[in-house]
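Here the structure is laid out as structure tokens; the discussion comes afterwards.
The values are calculated or read from the model by the stated rules, or taken from the named source; none is laboratory data. This one's a predicted model, so the numbers in the text were calculated from it and none came from an experiment. Here the Cβ positions follow ideal geometry from the backbone for every residue, glycine too, while neighbour counts run over all protein chains shown.
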């Protein structure tokens, strides 16, 4: 039996209420998803663990098997050939270098103080939580890597823009745009009640507004920063309560899109149709 590493997991239930999981697994030759029946939410495997399958059923291109046909192994250690197939959160030094370089473009000392404080505070929780359950950066630490990608792209983009853009607004919005996902998910990627009660856009905007008000930032400035968070999904049909109407908000929206969509393609297998992208992915 071939050995695979679990690189993503989503818990679900059938219409009859029976639990199952959708696993994204990979080896050095292929990557695919498989539905495994009769696996409860608190049962293994979790991302990083090794699995083997006795027999996979294929129907309309979808793979599935009962729990009895899956052999669950240990978590892969660094010496295992499949270890590097699962994404890992970036190290704190890399995160810090990008934030530090972005600060060289900043002139608002009050906002810089907030950026420095929360860039440090957010590293640890972001390094433990996913950015989604399945679509993009759906692994522990995915929230950190997604946020880092946006900051790093901003670092390269900002000097190229010949406009009067206040980069501090973009930095703060990026740091907090998905802050609410530490409440929407647990560390394993299972959805939590706050996803449905509040949603990550509101949670992030509310948290950032409280932080800025405590620092006595000008109310007009706060509005423009919060707008970037509220508008980062870009379109109402994607859950955005408002549409981007400032340059800074547009930048944050497009950086979010680039990071999310490219990672979505990275996680798809060759030839997969990805509904959220509306296209097949060719490797």
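Structural remarks
Matching residues to (1) farther than 15 Å from residue 173 by Cα; (2) touching a strand residue (DSSP E or B) at 6+ places or on another chain (Cβ under 7 Å):
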position: 107; (1), (2): yes, no
position: 116; (1), (2): no, no
position: 119; (1), (2): no, no
position: 125; (1), (2): yes, no
position: 131; (1), (2): yes, no
position: 139; (1), (2): yes, yes
position: 143; (1), (2): no, no
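- Filtered by the rule that a residue be touching a residue at least 24 places away in the same chain (Cβ under 8 Å), touching a helix residue (DSSP H, G or I) at 6+ places or on another chain (Cβ under 6 Å) and outside any helix (DSSP H, G or I), the stretch 218-236 gives a lone residue, 232.
- Residue 89 vs. criteria buried (at least 17 other Cβ atoms within 10 Å of the Cβ) and either under 22 Å from residue 185 (Cβ atoms) or under 20 Å from the mean Cα position of the chain (by Cα) (or both): yes
- Residue selected from the stretch 81-92 under the condition without any contact (Cβ under 8 Å) to a residue 60 or more places away in the chain and assigned to a helix (DSSP H, G or I), by the criterion farthest from residue 30 (Cα to Cα): 92
- Complete set of residues in the stretch 133-173 that are crowded, with 18+ Cβ neighbours inside 10 Å, without any contact (Cβ under 8 Å) to a residue 60 or more places away in the chain and in a loop (DSSP other than H, G, I, E, B): 141
- Restricting attention to the stretch 1-24, the residues being closer than 19 Å to residue 60 by Cβ, surrounded by 13 or more Cβ atoms within 10 Å (Cβ to Cβ) and free of Cβ contacts under 8 Å to residues at least 40 places away in the same chain number 3.
- Boolean, residue 21 is part of a strand (DSSP E or B) and out of contact with any strand residue (DSSP E or B) (no Cβ under 7 Å at 6 or more places or on another chain): no
- Some residue of the stretch 93-113 being in a helix (DSSP H, G or I), over 23 Å from the mean Cα position of the chain (by Cα) and without any contact (Cβ under 8 Å) to a residue 12 or more places away in the chain: yes
- Odd one out for residue 1 among (1) more than 27 Å from residue 131 (Cβ to Cβ); (2) touching a strand residue (DSSP E or B) at 6+ places or on another chain (Cβ under 6 Å); (3) assigned to a strand (DSSP E or B): (3)
- Scan the stretch 193-240 for residues that are within 21 Å of residue 277 (Cα to Cα) and either loosely packed, with under 15 Cβ neighbours inside 10 Å or not assigned by TED's automatic domain parsing to the domain that holds residue 167 (or both) and the total you get is 5.
- Members of the stretch 253-275 that are loosely packed, with under 15 Cβ neighbours inside 10 Å, in contact with a strand residue (DSSP E or B) (Cβ under 8 Å, 6 or more places away or on another chain) and in contact (Cβ under 8 Å) with a residue 40 or more places away in the chain: 269
- Among residues of the stretch 63-76 that are touching a residue at least 24 places away in the same chain (Cβ under 8 Å), those with a Cβ under 7 angstrom from a residue that is assigned to a helix (DSSP H, G or I), sequence gap 6+ or separate chain, pair up as 76/83.
- Here the condition is being crowded, with 18+ Cβ neighbours inside 10 Å, assigned by TED's automatic domain parsing to the domain that holds residue 259 and not in a loop (DSSP other than H, G, I, E, B); of 129, 123, it holds for 123 alone.
- Residue match in the stretch 41-54 (condition: within 30 Å of residue 145 (Cβ to Cβ), in a loop (DSSP other than H, G, I, E, B) and over 25 Å from the mean Cα position of the chain (by Cα)): no
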